[in-house]
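The values are calculated or read from the model by the stated rules, or taken from the named source; none is laboratory data. As the structure is a computational prediction, the values presented were derived from the model and not from experiment. Backbone-built Cβ (ideal geometry, glycine too); neighbour counts: all protein chains shown. The accessibility values were calculated without ligands, DNA or RNA, using every heavy atom of the protein model including side chains. Shrake-Rupley method; radii C 1.70, N 1.55, O 1.52, S 1.80 Å.
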Amino acid sequence: RVLFASRKLSLKEKLRVKMRFNVNLLLDEHIDPNYLHAIRRFELESSVRRVGELDAPQVGTKDPDILVWCEENNFALVTNNRKSMPAHLKDHLERGRHVEGIFVINLERSLATNAESLAIIAAVALPNEFADRITFVPLT
C-alpha cells in the first residue's frame, strides 16, 4: 500500500506511518498468569500467549524446545529465568538458530510496571532490535 504517493512525507508523517513491526510475546509457565491479562489490556496488534495455552507449547516443555518454538512461530520469550536462560540462548545460537528476543522480568518491580514495559516493547520495537539477546525488563 502506498501512502502519500503524490507528495513527500514530513519527518513527523514518516514516524507516524513507519513500517509496522510487532513483537509477539510468549510468557513462560513460571510467569504469573496475571501478566497475560495485564499485557492484553493494552490491545496490542501483537500476539501474547502463555505456555500451556492451546496455540503455545505445553506446560513442562524444556527451555531449549521453547526457544525453537519461539523461533519457528516468531515469538519473543518472556521469562524470569536469569540463571539458565543465558546458557540456553548460547546453545540455541551456536546451532545456527535465532530468536526474536528473550525478556527477563524483574520480579521486584510491580506487575503493572513490567506489563507496561513489555507492551511498549511489543508495540514499538524495530525489526531485530531485540533479536538473539536477553533484555532485562523494565527498561531503565
All-but-one check, Asn128 against (1) open to solvent by less than 60 Å² (accessible area, probe 1.4 Å); (2) part of a loop (DSSP other than H, G, I, E, B); (3) out of contact with any strand residue (DSSP E or B) (no Cβ under 8 Å at 6 or more places or on another chain), failing number (1)
Give me the pairs: first residue in region 44-67 and more than 21 Å from His92 (Cβ to Cβ), second residue assigned to a loop (DSSP other than H, G, I, E, B), beta-carbon distance under 7 Å, and six or more apart or on different chains, which are they? Leu44/Asn22; Glu45/Asn22; Ser46/Asn22; Ser46/Val23; Gly52/Glu29; Gly52/Gln58; Gly52/Val59
What is the residue count in region 46-75 for residues that are assigned to a strand (DSSP E or B) and either basic (Lys, Arg) or in contact with an Asp or Glu (Cβ under 7 Å, 6 or more places away or on another chain) (or both)? 3
Regarding Ala119, is this residue closer than 14 Å to Leu27 by Cα and at pLDDT 95 or above? no
I'd like the full set of residues that are open to solvent by less than 40 Å² (accessible area, probe 1.4 Å), part of a helix (DSSP H, G or I) and of a type outside the set (A, V, I, L, M, F, W, C), limited to region 20-45. Tyr35
Residue ID - farthest from the chain's Cα centre (by Cα), chosen from residues in region 89-118 that are assigned to a helix (DSSP H, G or I), surrounded by fewer than 20 Cβ atoms within 10 Å (Cβ to Cβ) and touching a residue at least 12 places away in the same chain (Cβ under 8 Å): Asp91
